[in-house]
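Structure, as structure tokens:
Where a number appears in this text, it was derived from the coordinates with a stated rule and is not lab data. A quick note: this is a predicted structure, and the numbers were derived from the prediction, not measured. Cβ placement follows ideal geometry from the backbone for every residue including glycine, while neighbour counts extend to all protein chains displayed.
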Amino acid sequence: MKIRPNLILKKSSLLITCAALALTGCFGEENSDLKNWMKESSDGLRGKVEALPEAKPYVSFEYKAFDLSDPFRVAKMELAKKGSGGGLAPNTNRAKEILENYDLEKLRMVGTLTQGKTVNGLIHAPDGNLYRVKVGSYMGQNFGMVTAVTDTEVQLKEIVEDSGGDWVERTTSLSLDEAEQKK
């Protein structure tokens, strides 16, 4: 089969001519209603840009606080600390007791032991041992001193440092473990 270039050229020119005639039909009198609608729709559409707001003039500010005293100067802070001391501080010269090595949250009260009129609290430590505490004993890492022992809790008075560096007292308690209460 031989391909004739003349035949291919004639077919492609016929196809281009048909496409051109089809496109010219879009611009005839038949589409005048489309052109009229487009013109009517765009008549009222004129863009309007609002004016920018008026810029306020810049007013400079002169910083004059260089002559004032610095509130964060070390000497000023130490002076304020001395004035508010109050004299409360933990006794760091005494020997530490074994239960002061543990956080109070890790210690569990598992019961009480009464000897005469003295009530001792039984404390289970993370090391697996059982310890007795009484009024005046120390436990926890915040200088906690036992102030009372009841059948259900051990009450403590802790001395902690606040954000200003002063020592303050707070009361807390270690309640009897719920599993032990059911026994």
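Ranked by the mean number of other Cβ atoms within 10 Å of their residues, highest first, the peptides 136-148, 36-48 come out as 136-148, 36-48. Once both labels are positioned 7 Å from their Cα atoms along Cα-to-Cβ, the gap between Asp67 and Glu40 label points is 7.9 nm.
Model label points for Glu161 and Val59, set 7 angstrom from Cα along the Cα-to-Cβ axis, are 4.7 nm apart. Spacing of the modelled spin labels on Asn93 and Asp33, each 7 Å from Cα toward Cβ, amounts to 11.1 nm.
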